[in-house]
Amino acid sequence: MALLHVDFFSTVLGMSMNMDVILPQQTWGQIGMEGKGAEGKVKTMYLLHGMSDDHTIWQRRTSIERYASKLGIAVVMPTTHLAFYTDTSYGMKYWTFISRELPEICREFFPQMSAEREDTLAAGLSMGGYGAWKLGLGAGGTFGAAASLSGALDILEDYCRNKMQNSERLALFNGIFTSEEALAGSDNDLMALAERLAARDKDLPRLYAWCGTEDFLYQGNLKAWEHVKKLGYDLTCEASAGDHQWKYWDAKIQDVLRWWLRTDMDLQ
């Protein structure tokens, strides 16, 4: 595999941004590492971080490069700051950046990346799980599948919890979403977004989700899973023992990759 550290300018955000990109490379002789090259256009996973992290975190906390190497896929890991993958009320267009500008930039920089929606996955954890499902539901022309690990899928419940418990976090949420009333029913509300997409009878994304039963986001996940199932989405979901930490996400991102690529390959 090749690992590239990319500094680039975002016209949408008006500032320099960062992403790390894993690209497939056929290799022989690497100790303890198998490198599979790509045949034709490369399938690509956009892998999103959570609230406290940045574009380096998946490499620092998991073996994502090793898993991707065995599969011959590309992985794009962007910094998206603490903005919930949203065009914020304070004027920063992080949704436009992640849903439109970033895929265009990646395909310009790396023309071997496939532009087909069925070859493009959005995945992430926590805030990034919310962002991944939002990309699947709100940018379906680009992303044919979306996977959430411990995601904030019921963002209204998360908003209300912070309103009751954490005044500083509430100020952050207001800066992003304006208010609870503005959030409810908007395209930032995944429940409402899923309803509108299903009502248009468009091609629905494949969805995946996992959440630990001891996770503070577990009840919100159960609500979101039931909601999209009733709407007719192809959802693979799993709950098992666990809370909000990396030892679970390292294991479950392997399940995500096997689900997306429809393989039972051992990635260890």
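Computed values, structure above
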{"read-out": "Choice from Gly140, Gly124, Gly232 with maximal GNM fluctuation in the chain (Cα, 10 Å cutoff)", "value": "Gly232"}
{"read-out": "Cβ-Cβ FRET estimate between Phe109 and Glu180, R0 fixed at 45 Å, reported to 0.05", "value": "0.70"}
{"read-out": "Simple label model, 7 Å out from Cα along Cβ direction - Asp7 to Ser240, nm", "value": "4.1"}
{"read-out": "Extension gain from Arg200 to Lys223, taking 0.36 nm per residue of separation minus the Cα-Cα distance", "value": "6.1 nm"}
{"read-out": "Dimensionless Rg over Rh [the chain; C-alpha; Kirkwood]", "value": "0.95"}
{"read-out": "Trypsin sites (Lys or Arg not before Pro) within region 136-225, DSSP loop, no more than 10 other Cβ atoms inside 10 Å", "value": "Arg200"}
{"read-out": "Structure-based [θ]222 nm, the chain - -39500 (n - 2.57) summed over DSSP H runs of at least 4, per residue, nearest 500", "value": "-10500 deg cm²/dmol"}
{"read-out": "Prolate/oblate/rounded call for region 70-167, Cα gyration tensor, a/c under 1.5 rounded", "value": "prolate"}
{"read-out": "Relative packing of 91-102, 67-78, which averages over residues the other C-beta atoms within 10 Å, highest first", "value": "67-78, 91-102"}
{"read-out": "Protein accessible area in region 160-268, 1.4 Å probe - carbon and sulfur %", "value": "47"}
{"read-out": "Prolate/oblate/rounded label for region 96-140 (Cα gyration tensor, a/c 1.5)", "value": "prolate"}
{"read-out": "Low-density loop positions, GluC sites (Glu not before Pro), region 206-252 - DSSP coil, at most 14 other Cβ in 10 Å", "value": "Glu214"}
{"read-out": "Fully extended contour minus Cα-Cα distance, from Glu34 to Ser167, at 0.36 nm per residue", "value": "43.0 nm"}
{"read-out": "Environment charge at Met77 (Cβ cut-off 13 Å; Lys +1, Arg +1, Asp -1, Glu -1)", "value": "-2"}
{"read-out": "Within-12-Å neighbourhood charge of Ser10 [Cβ basis; K, R +1; D, E -1]", "value": "-1"}
{"read-out": "Accessible area expressed per residue, the chain, with surrounding protein chains retained (probe 1.4 Å, Å²)", "value": "43"}
{"read-out": "Relative contact order computed over the chain (Cα-Cα under 8 Å; 6+ residues apart), in percent", "value": "16"}
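The values are calculated or read from the model by the stated rules, or taken from the named source; none is laboratory data. All of these numbers come straight from a predicted model, not from anything done at the bench. Backbone-built Cβ (ideal geometry, glycine too); neighbour counts: all protein chains shown. Quick note on the areas: whole protein, heavy atoms, side chains included, nothing else; ligands and nucleic acids left out. Shrake-Rupley method; radii C 1.70, N 1.55, O 1.52, S 1.80 Å.
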